[in-house]
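Shown next, in structure tokens, is the structure this report addresses.
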Amino acid sequence: MQKLTGLLLGAATLALAAPVLAEDSSDPIIIPTHNWSSQIVMSNVVGQMFEGMGNSVEYVSTDSQAVYEAIRLGDATLELEVWEGAFGKSFNAALEKGGIEDVATHQAITREDWWYPMWTKEACPGLPDWQALNDCAAKFATPETGEKGRFLGGPVDWLKHDAEKVDALGMNFTVVNAGSAAALWAEIAAAEKDKTPIVVFNWTPNFAEAVWPGEFVNFPAWEAGCDTDPAKGPIPDKTFDCGNPANGYLKIAAWDGMKDKWPKAYAALQKVNFTNAQIAEMAKLVDVDGMEPEDAAAEWMQANEAVWKPWTE
Ligand code: TMO
């Protein structure tokens, strides 16, 4: 009897330790990719990890805001980089409608905001304070912006609401949107030659911090609701009268049907977790070393097997 109980207990423990998951569907897992390098490389890393587990994967280039609606409807399966500053609003709206799930939060802490390379401080020593930046607006003037300073924002789909911020805070700046992330790096590199003051949209983790030491502009601190509620932030009748979150999250989202359709891939996805340094490295392999995202992902995986292999077990 004791022996039998022991056996039964042993079996129960085994079952607890290794739940048997149903097989994954042979349909491809749809992974959306966007227009900045770390997201594309990370998508390929996780895609190649799924392929190594026997899954089929398809990458689809998708608008970085519309993707939350696509996931909710099951047209895309997951999103590996939900940046709080750029996408928190769209993600929350989709969560409220249902069909999408908050799967995990990366260890990485993110920030996305107005940023300048350090040489800019010579022209504007009061930085990083936003009012000091505004007092120096003329130093950033270009033929394109007349008397106003030029702020180079990211591609419009990142919806950074920079024009609303300029309006809310009464700044002497005009927002110009770059056509691509590469255009941001090209302008910083051009400004570096004669140390022209420049203020652009940038983020961390990114390769840029290792290439150009710089700082984010300090705007009035972000508080929840600053983007929707005029009462939040220092200006009583304006939204976006604040900076982006300075300690933002980076989340993973998935279609809520994923766990039933691809239970093994879903179990692995729940364990995916990257650090700031790992994400900056993924961007560097493309933006500095000039690799194709697919090759960058393969190289990263080869060098970091100890990081991702355990997620598949
Ligand atoms: C969404 N992004 C990382 C480009 O700021």
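The values are calculated or read from the model by the stated rules, or taken from the named source; none is laboratory data. Computed from a prediction, not measured in an experiment: that's the story for all the values here. Every residue, glycine among them, receives a Cβ derived from its backbone with ideal geometry; neighbour counts consider all protein chains shown. Quick note on the areas: whole protein, heavy atoms, side chains included, nothing else; ligands and nucleic acids left out. Shrake-Rupley method; radii C 1.70, N 1.55, O 1.52, S 1.80 Å.
Scanning segment 273-285 for residues that are aliphatic (A, V, I, L, M), open to solvent by less than 50 Å² (accessible area, probe 1.4 Å) and farther than 25 Å from Leu159 by Cβ yields a single hit, Leu285.
Restricting attention to segment 190-221, which residues are part of a helix (DSSP H, G or I) and either open to solvent by 40 Å² or more (accessible area, probe 1.4 Å) or within 12 Å of the ligand (Cβ to nearest atom) (or both)? Once the filter is applied, which keeps residues that are part of a helix (DSSP H, G or I) and either open to solvent by 40 Å² or more (accessible area, probe 1.4 Å) or within 12 Å of the ligand (Cβ to nearest atom) (or both), segment 190-221 yields Ala190, Glu192, Lys193, Ala208, Glu209, Ala210, Val211. Picking from residues in segment 158-170 that are touching a Phe, Trp or Tyr at 6+ places or on another chain (Cβ under 6 Å), in a helix (DSSP H, G or I) and in contact (Cβ under 8 Å) with a residue 60 or more places away in the chain, the one that is nearest to the ligand (Cβ to nearest atom) is Lys165. Of the residues that sit in segment 222-262 and are buried (at least 16 other Cβ atoms within 10 Å of the Cβ) and acidic (Asp, Glu), which one is nearest to Ser90 (Cα to Cα)? Here the residue is Asp227. Quick check on my filter: what residues within segment 171-189 are within 16 Å of the ligand (Cβ to nearest atom) and crowded, with 19+ Cβ neighbours inside 10 Å? If the condition is that a residue be within 16 Å of the ligand (Cβ to nearest atom) and crowded, with 19+ Cβ neighbours inside 10 Å, then Val175, Ala178, Ala181, Leu184, Trp185, Ile188 are the ones that fit.
Scanning segment 132-157 for residues that are open to solvent by 10 Å² or more (accessible area, probe 1.4 Å), assigned to a helix (DSSP H, G or I) and in contact (Cβ under 8 Å) with a residue 60 or more places away in the chain yields a single hit, Asp157.
Checked against (1) under 26 Å from Leu127 (Cβ atoms); (2) away from the ligand (no atom under 14 Å from the Cβ); (3) not basic (Lys, Arg), Asp237 passes all but condition (1). Of the set (1) closer than 24 Å to Asn134 by Cβ; (2) open to solvent by 30 Å² or more (accessible area, probe 1.4 Å), all apply to Ala298 but (1).
Of all residues in segment 276-289, at least one satisfies being part of a loop (DSSP other than H, G, I, E, B) and without any contact (Cβ under 8 Å) to a residue 60 or more places away in the chain. If you go through segment 47-92 and keep only what is crowded, with 24+ Cβ neighbours inside 10 Å, of a type in the set (A, V, I, L, M) and away from the ligand (no atom under 16 Å from the Cβ), you end up with Ile71, Ala76, Leu78. Quick one: in segment 93-110, of everything that is open to solvent by 50 Å² or more (accessible area, probe 1.4 Å) and in contact (Cβ under 8 Å) with a residue 60 or more places away in the chain, which residue is nearest to the ligand (Cβ to nearest atom)? If we take residues in segment 93-110 being open to solvent by 50 Å² or more (accessible area, probe 1.4 Å) and in contact (Cβ under 8 Å) with a residue 60 or more places away in the chain, then Ile109 is nearest to the ligand (Cβ to nearest atom).
Among the residues of segment 26-46, the ones that are within 16 Å of the ligand (Cβ to nearest atom), in a strand (DSSP E or B) and open to solvent by 10 Å² or more (accessible area, probe 1.4 Å) come to 1 in all. The residues of segment 88-117 that are over 19 Å from Gly243 (Cβ atoms) and in a strand (DSSP E or B), listed by number, are Ile100, Glu101, Asp102, Val103, Ala104, Thr105.
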